Amino acid sequence: MRYSKLLGKTLKKAPREAEAISHKLLIRAGFIDRQVSAGIYSFLPLGWRVHQKIANIIREEMDAIGGQEVFLPTLQPKELWDRSDRWDHMDPPLFKLKDRHKKEFALGSTHEEVITDLAARFIKSYKNLPLYLYQIQNKFRNEMRSTGGLLRVREFVMKDLYSFHTTEKDLNDYYQKVIEAYKKIFKRCGFVTKITEASSGTIGGDISHEFMMICPTGEDSVYFCTKCDFATSKEKKTECEHCGYQLKEGRAIENGHVFKLGTKYSKSMDAYFIDKNGKKKLIWMGCYGIGIGRLMATVVEAHHDKKGIIWPKSVAPFQAHLLAIGEKAKVKKFAEGVFKKLMDGGIEVLFDDREDISAGEKFAEADLIGIPVRLVVSEETFKEKKIEWKERDKEKTTKLAIGQAIKKLANA
């Protein structure tokens with residue numbers, strides 16, 4: 001990708017309403033646009049590349065625990081929500097609308113009703129279970145107040161997984177598998193989480209857990225163990241109930257929520273199966289969600305410095321940021337050659353080919369954007385037929401032949 005052609009450029013200052021670090025940096029670095037309306041954002045090409053990298057990590061981990069990907073409708077009829085008695089009892093309330101025939105619909109804030117109705121038509125026997133279905137899709141939340149940029153919005157993309165089981169034990173076993181998969185997802189995105197028992201709210205079920213990333217700018221207050229992944233929202237004078245270590249108070253950002261739904265929805269949506277003895281029984285269910293935009297913002301909250309974002313390699317929009325420094329034609333030609341060789345080598349690269357920008361501005365913008373590796377072609381490196389290599393989170397620079405750089409990037 002040539003930076004000269006890229007939609008979205010860096011800004012000197014963030015908009016006045018931006019308070020969270022991630023909000024300021026994602027807008028200034030050209031990953032998202034200023035909000036269209038409160039809590040509604042457009043992702044620019046750099047931002048959407050990160051968003052898709054995160055989505056693919058989640059997809060891989062869901063597939064690894066048996067998930068089958070589906071895509072469910074956003075527009076959901078009132079009668080489905082009436083069956084679960086949630087049409088007028090959701091918090092935040094649903095976005096509701098009518099079609100030209102005066103039929104009522106809601107924009108999906110979650111999909112328990114739709115997925116249970118779907119599963120009930122396909123699951124007839126114990127032989128059809130267990131079943132794990134997930135999607136990556138838009139959600140709409142009618143928030144009273146949207147804050148923190150992507151941390152609390154009214155429209156966002158979420159991965160929601162739903163599991164269907166013959167017994168409570170099978171549900172409990174799979175619930176733990178999902179917890180382990182979530183730990184892997186967050187670790188691959190560059191941070192670790194604490195796990196806290198949480199309220200099930202209007203989703204329902206007896207047990208639910210949240211995954212919290214400890215962060216000074218978080219909107220939730222927690223007491224977390226300094227050794228293991230235990231956390232709680234309630235102050236405890238005693239030590240950690242899991243490992244005995246000290247609890248510490250802090251702020252945190254929620255990045256995932258899992259629920260043991262039990263038979264709440266299968267009962268209201270008539271989702272049954274026939275067991276081995278020919279008896280009709282309710283299906284046991286669980287649901288598990290991760291907001292992808294919020295996860296993207298959390299990565300920035302965890303990985304930044306005073307210069308800008310420091311993307312982990314796993315979710316960075318590009319592997320390398322190539323800068324052409326100098327006005328001489330031979331340097332520009334050499335930089336073009338380096339760009340072509342990088343692409344031919346399968347390297348994802350953003351090439352700052354602009355001619356009307358100073359070297360200082362290019363360096364500052366590269367730090368702000370935060371791609372893991374900066375490669376510089378200049379008059380000095382041209383003489384040696386090499387490029388300057390610098391990692392975003394380090395100060396040291398080295399000179400490498402282009403072949404060496406490609407090999408190093410490919411193996412990173």
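The values are calculated or read from the model by the stated rules, or taken from the named source; none is laboratory data. None of the values given here were measured: they were computed from a predicted structure. Note: ideal-geometry Cβ built from the backbone for every residue, glycine included; neighbour counts use all protein chains shown.
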*Given (1) in contact with a Lys or Arg (Cβ under 9 Å, 6 or more places away or on another chain); (2) at negative phi, where does Gly370 come up short, assuming only one miss?*
(2)
*Find the strands (runs of 3 or more DSSP E) located wholly in region 230-297 whose residues include 3 or more that are farther than 25 Å from Ala181 by Cβ and of a type in the set (D, E, K, R), and list them.*
247-262
*Quick one: in region 344-370, which of the residues that are exposed (fewer than 13 other Cβ atoms within 10 Å of the Cβ) and part of a helix (DSSP H, G or I) is farthest from the chain's Cα centre (by Cα)?*
Gly360
*Which condition number does Asp270 fail, the rest of (1) within 30 Å of Leu282 (Cβ to Cβ); (2) of a type outside the set (S, T, N, Q); (3) crowded, with 18+ Cβ neighbours inside 10 Å being met?*
(3)
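Please go through region 7-42 and pick out each residue that is among the acidic types (Asp, Glu) and touching a helix residue (DSSP H, G or I) at 6+ places or on another chain (Cβ under 8 Å).
Asp33
Among the residues of region 200-232 satisfying the criterion of being polar (S, T, N, Q) and either modelled with pLDDT under 80 or buried (at least 18 other Cβ atoms within 10 Å of the Cβ) (or both), which is farthest from Phe259 (Cα to Cα)?
Filtering region 200-232 for residues that are polar (S, T, N, Q) and either modelled with pLDDT under 80 or buried (at least 18 other Cβ atoms within 10 Å of the Cβ) (or both), the one farthest from Phe259 (Cα to Cα) comes out as Thr217.
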_All positions within region 9-56 that are more than 21 Å from the chain's Cα centre (by Cα), surrounded by 15 or more Cβ atoms within 10 Å (Cβ to Cβ) and either at pLDDT 95 or above or within 18 Å of Arg354 (Cα to Cα) (or both)_ = Thr10
*Please identify the pairs in which a residue from region 198-217 that is in the same structural domain as Val300 (by TED's automatic domain parsing) and free of Cβ contacts under 8 Å to residues at least 40 places away in the same chain has its Cβ atom under 7 Å from the Cβ atom of a residue that is polar (S, T, N, Q) and not in a strand (DSSP E or B), counting only partners at least 6 apart or on another chain.*
none
*Does Lys328 qualify as being of a type outside the set (S, T, N, Q), surrounded by 15 or more Cβ atoms within 10 Å (Cβ to Cβ), free of Cβ contacts under 8 Å to residues at least 60 places away in the same chain and not assigned by TED's automatic domain parsing to the domain that holds Lys78?*
no
